[in-house]
Amino acid sequence: MERGASLFSVTSKPMGNQAMVYLLLGLAILAVADCNLEVDILHSQRLAWDDPNNVLQSWDPTLVNPCTWFHVTCNNDNSVIRVDLGEAGLAGPLIPQLGMLANLQYLELHGNRINGSIPKALGKLRSLVSLDLQQNLLSGPIPSSLGNIKSLRFVRLNRNRLTGEIPIEMLNLIRTGNLSVMNVSDNYLDGTLRRSEQTGFTITTIMQDQKASK
């Protein structure tokens with residue numbers, strides 16, 4: 001019996017090591033798959049934009065991850081946390097797939113000619129801290145789904161062509177989230193609001209104006 005028990009323990013140890021190897025390999029494959037997904041998303045966004053200044057020429061879809069691309073910052077897990085393309089001369093729409101960049105914290109696209117609507121799917125960016133889309137050509141309503149992002153601190157949508165009202169879900173971020181600045185001035189939004197509201201230790205500055213009707 002002792003020899004049988006000893007034999008069982010000797011053969012089971014390599015099996016445990018083998019299982020650990022498979023587990024680590026599986027995790028590595030998942031990490032690569034996530035990185036490849038981010039490559040696909042950002043490359044699709046590149047294709048949707050007109051880029052007359054070739055600022056996106058480093059966005060090579062054949063690379064394993066986008067962390068060596070200009071204007072993209074990654075964390076230690078090679079996942080995208082920042083896209084910085086302010087005043088880059090870009091034109092065209094935002095694709096809904098941007099909402100799948102799970103770890104994105106900063107989307108800085110101010111001062112371009114980005115048009116179309118703000119995708120509802122951006123409300124899935126649950127790690128987003130700053131959404132800067134000011135000084136573009138965006139139209140349509142502000143998606144209420146942005147109110148799902150409790151991490152949001154800065155929302156700058158001013159100087160666009162947005163219409164409708166500020167969603168109540170966005171205003172609720174003042175009370176339930178971390179929102180510090182929401183600038184939606186110089187759009188075609190209904191109502192006029194310009195105030196700073198203090199909630200606990202947070203002061204939220206909200207700026208909204210109507211463009212003059214022509």
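On a per residue basis, region 67-195 carries 44 Å² of accessible surface, using protein heavy atoms and a 1.4 Å probe. Full extension of the chain between GLU87 and LEU137 gives 16.7 nm of extra length, using 0.36 nm per residue less the Cα-Cα distance.
Spin-label model, LYS120 to THR73: label points 7 Å out along the Cα-to-beta-carbon direction sit 3.2 nm apart. Each Lys or Arg adds one and each Asp or Glu subtracts one; over the other residues with Cβ under 12 Å from the Cβ of HIS71, this totals -2.
Protein-only accessible surface at a 1.4 angstrom probe places the residues TYR106, TYR188 in the order TYR188, TYR106, largest first. Just how far, in whole angstrom, is region 110-176 from region 32-103 if you go by their alpha carbon centroids? When both Cα centres are located, 19 Å separates them.
Run the accessible area of region 68-162 with a 1.4 Å probe and give the carbon-and-sulfur part as a rounded percent.
46 percent
The values are calculated or read from the model by the stated rules, or taken from the named source; none is laboratory data. As the structure is a computational prediction, the values presented were derived from the model and not from experiment. As a convention, Cβ positions derive from the backbone with ideal geometry for all residues, glycine included, and neighbour counts pool all protein chains shown. Just so you know, the surface numbers come from the protein's heavy atoms only, side chains and all, with ligands and any DNA or RNA stripped out. Shrake-Rupley method; radii C 1.70, N 1.55, O 1.52, S 1.80 Å.
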